[in-house]
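Trainee: Before I ask anything, here is the structure I am working with.
The values are calculated or read from the model by the stated rules, or taken from the named source; none is laboratory data. Everything numeric here is computed off the predicted structure, so don't read it as measured data. Cβ atoms come from the backbone with ideal geometry, glycine included; neighbour counts cover every protein chain shown. Ligands, DNA and RNA are excluded from the accessible area calculation, which covers all protein heavy atoms including side chains. Shrake-Rupley method; radii C 1.70, N 1.55, O 1.52, S 1.80 Å.
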Amino acid sequence: MSELILASTSSARRALMDGLGLAYRAEAPGVDEVVSPGVSVTDAVRVLAARKARAVHQRHPGAWVLGADQLVEVGGEVLSKPEDRSAAREQLRKLVGNTHAIHTGVCLLGPGGQVHEAVETARLTFYAVTAEELERYLDLDEWEGCCGSYRVEGAGQALLERLDGDRANVQGLPMTTVVRLLRRAGFPFFERR
């Protein structure tokens, strides 16, 4: 089987991939993450996941490359990664006491132009926490580099009242979907290394 490359250096995505036991390596895609205005959020994550996978695949055309991108949607507004603590506070204020969606696009590109794509959505409801509690959460800096400004694999799980969908999707990579795409591509599982 050709080499597998994760087009991401996200620690959360690497931890999820590590759990599969497949040999892979991670590489930053280094792409622009802006999409055209008017594109639906599900189309945006699909486009961005493919853009990331293509960028790494161009450098390693004989490999399989897995790209992913994630956006949060609340009340029709799309939230990406906050620029600073103030932006993170504003994002979290929109999420606490409400239900939001996390959309993750996944793209697996292979040798010879093989393409497998999917979009996975999870819905989360957050507790209506106090302003003081929200500030204490912000002090933990989990908001850095996360769309929606929280990490469900960290202390941010204490914000979570309800989750409908794949928890791994919320962490950054919908693993049931990833496994399905890898199996479709012919990857063997449970082999000794």
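Trainee: Chymotrypsin sites (Phe, Trp or Tyr not before Pro) within the stretch 117-193: which are DSSP loop residues with at most 16 other Cβ atoms inside 10 Å?
Mentor: Filter output for the stretch 117-193: Y127, F189, F190.
Trainee: Pairs of Cα atoms under 8 Å, at least six residues apart: use those to get the relative contact order of the stretch 91-162, whole percent.
Mentor: 33 percent
Trainee: Could I ask something else about it? Could you work out the helix-only [θ] at 222 nm for the chain, with each DSSP H run of four or more residues adding -39,500 (n - 2.57) and the total divided by the number of residues, to the nearest 500 deg cm²/dmol?
Mentor: Value at 222 nm, helices only: -9500 deg cm²/dmol.
Trainee: Compute the helix-to-body angle for 41-59: its Cα long axis versus the longest principal axis of the chain, expressed 0 to 90° and rounded to tens.
Mentor: 40 degrees
Trainee: Now a separate question. Per residue, how much accessible area does the stretch 1-160 show when a 1.4 Å probe rolls over the protein heavy atoms, in square angstrom?
Mentor: So the stretch 1-160 comes to 46 Å² accessible per residue, rounded to a whole number.
Trainee: Still on this structure: Give the residue list of GluC sites (Glu not before Pro) in the stretch 37-96 that are DSSP loop and have at most 15 other beta-carbon atoms within 10 angstrom.
Mentor: In loop regions of the stretch 37-96 (DSSP not H, G, I, E or B), the sparsely surrounded GluC sites (Glu not before Pro) are E83.
Trainee: If you don't mind, there's one more thing I want to ask. How large is the dipole of the chain about the Cα centre if only Lys and Arg carry +1 and Asp and Glu carry -1, each at its Cβ, rounded to the nearest 20 debye?
Mentor: About 820 debye.
Trainee: Taking amide H positions as placed in the peptide plane 1.01 Å from N, state which residues far from E3 in sequence (5 or more) or on other chains have amide H under 5 Å from it.
Mentor: Amide H neighbours of E3, under 5 Å, 5+ apart: W64.
Trainee: For the stretch 29-89 and the stretch 146-160, write down the distance between their C-alpha centroids in whole Å.
Mentor: 19 Å
Trainee: So, one more: What does DSSP give for the stretch 1-99 in terms of the percent of beta bridges that are antiparallel, rounded to the nearest 5?
Mentor: The answer is about 40 percent antiparallel.
Trainee: When only Cα pairs under 8 Å and 6 or more residues apart are kept, what is the percent relative contact order across the chain?
Mentor: After rounding, I find 22 percent.
Trainee: To the nearest 10 Å², what's I5's accessible area with a 1.4 Å probe?
Mentor: Probe radius 1.4 Å; accessible area of I5 about 0 Å².
Trainee: Let me check against my output: what whole-number percent is the relative contact order of the stretch 1-96, with C-alpha pairs under 8 Å and at least 6 apart?
Mentor: 29 percent
Trainee: What Rg and what Dmax come out for the chain when only alpha-carbon atoms are used, in angstroms?
Mentor: That works out to 16.9, 54 Å for Rg and Dmax.
Trainee: What are the ³J(HN,Hα) values, in whole Hz, obtained from phi via the Karplus relation 6.51 cos²θ - 1.76 cosθ + 1.60 with θ = phi - 60°, for each residue of the stretch 160-172 in sequence order, with x given for Gly and Pro?
Mentor: 7, 8, 8, 9, 10, x, 7, 4, 4, 4, 5, 6, x
Trainee: Next question, about the same structure. What ranking of K52, K81, K94 comes out by heavy-atom accessible area, probe 1.4 Å, highest first?
Mentor: Descending order: K81, K94, K52.
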